Amino acid sequence: MITTEVQEFYERYPYPRPIDDLEKYQRLWQDSQRRRADFHLFWPTRPYREDFSILIAGCGTSQAAKHALRWPQARVTGIDFSATSVRCTEELKRKYSLHNLDVHQLAVERAGELGSFDQIISTGVLHHLPDPDAGLGALCSALKPGGAMLLMVYAPYGRAGIYMLREYCRRVGIQATDEGIREVIVALGSLPPGHPLCTLLREAPDARDEATLADALLHPQDRAYSVPELFDFIGSNGLTFDRWVTQAPYSPHCGIMNRIPQFHGPTQLSLAEQFAAVELLRGTMVRHSVIVSHHRAAGSPQINLAGDAFLGYVPIRMPDTLCIQEKLPPGAAAVLINRKHSYTDLYLPIDAQQKLMLDAIDGKRTVGELV
């Protein structure tokens, strides 16, 4: 049975590699503005709070412990069908006295047995299930009304080189064993310079880590979702697309996409079709991280930048945004860069007036008050 094979795989090669030090992560998330920005990714119109319930579905070796550190007032539950992952998480729980964390050895498909949650995080899990719809359906049943869910699934085009090597390993009989990983390392050292996997190997700092190689190239169950397939996957399970975790890479109005004449002015394409077109033109996306929720009731609050409503919104500084004031393009007082973006064409020049507005953002005053 494929599920048993996947479970045995993770017992041999736990992923991510187990860690025992979360001090740096803890310091990072002591920043209250970082936590607030994260909260409003999920609930942009709700008052900020920290005492909510979180399910980490497929928590791996440390993800649930990290969220318990990040949100000390929240009730965090981690589930994973790997005994090794659960044990590693329990060790972190004891080391950092995470009394707000519960951990269970449980398959994602059984998530509904634990009740319902305000927030569900499932990253790198659904694409490894034999029946992803069963997994997402279980998570949907565990999501409270008004709750929000973060999903990360693989994307096909940026992983083309990975899937070529996976097929190579299958054809020549390389197995998910220590010897197999050594054989994969030899094969990677023999790749010609133009191979589609070479760029990914250069840009991913842990690409040659044994656990990473095993997960990418020797995992027994793996699939990827293009943007249209992802939207179908979400919609068929009764969920609504809310936003991408990082929006600019998908926008037809940012970076190189802003030079494409088809996106200047009105377009007949739906928003989902625009995202699909951008994915094809960029061509190198390796994953999709998306926030979804139950289908919204009519009249539920929405962010709306039309009219004057936005003057009552409170802007928040994004903690990973850099404000560059050197080597600027003509007319710019600064350039904003999000360090999480891997695309070098994504940056935002701002003029002197916009720079004043940016500097005045304190997470308390509304846009109208700042103006």
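The values are calculated or read from the model by the stated rules, or taken from the named source; none is laboratory data. This one's a predicted model, so the numbers in the text were calculated from it and none came from an experiment. Cβ coordinates were reconstructed from backbone atoms using ideal geometry, including for glycine residues, and neighbour counts include every protein chain displayed. To get the accessible areas, we keep the full protein, side chains included, count just its heavy atoms, and leave off ligands, DNA and RNA. Shrake-Rupley method; radii C 1.70, N 1.55, O 1.52, S 1.80 Å.
Ranked by accessible surface with a 1.4 Å probe, highest first, in what order do Ile337, Ile174 come?
From most accessible down to least: Ile337, Ile174.
Tell me, what % of the accessible area of the chain is carbon and sulfur with a 1.4 angstrom probe?
With neighbouring chains kept in place, the figure for the chain is 54 percent.
For Leu55, which sequence-distant residues (separation of 5 or more, or a different chain) have an amide H within less than 5 Å of its own amide H, given hydrogens modelled in the peptide plane?
The list, which skips near neighbours in sequence, is Thr77, Gln119, Ile120, Ile121.
Can you work out the accessible area per residue across the chain, with the rest of the protein chains kept in place, probe 1.4 Å, in square angstrom?
On the way: 18980 Å² over 371 residues.
With all protein chains present, the chain gives 51 Å² per residue.
Relative to the longest principal axis of the C-alpha atoms of the chain, give the angle of the C-alpha long axis of helix 32-42, reported between 0 and 90° and rounded to the nearest 10°.
Here the helix axis deviates by roughly 80 degrees.
Number of Lys pairs in the chain with C-alpha atoms less than 29 angstrom apart, excluding same-chain neighbours closer than eight positions?
Step by step, the pairs that qualify in the chain add up to 18.
First select every other residue whose beta carbon is under 12 angstrom from the beta carbon of Leu22; then total the charges, Lys and Arg +1, Asp and Glu -1.
On the way: positive: Lys24, Arg27, Lys66, Arg70, Lys93, Lys95; negative: Asp20, Asp21, Glu23, Glu91.
Here the charged neighbours net out to +2.
Which three extents, in angstrom, do the Cα atoms of the chain have along their principal axes, listed largest first?
62, 50, 40
Compute the projected area of the convex hull of the Cα atoms of the stretch 1-140, averaged over all viewing directions, and report it in nm² to one decimal place.
Mean orientational projected area (the stretch 1-140, Cα hull): 8.4 nm².
If you take every DSSP beta bridge fully contained in the chain, what fraction is antiparallel? Give it as a percent rounded to 5.
50
For every helix of n ≥ 4 consecutive DSSP H residues, a contribution of -39,500 (n - 2.57) applies; sum these over the chain, divide by its total residues, and give [θ] at 222 nm rounded to the nearest 500 deg cm²/dmol.
Result for the chain, helices only: -10500 deg cm²/dmol.
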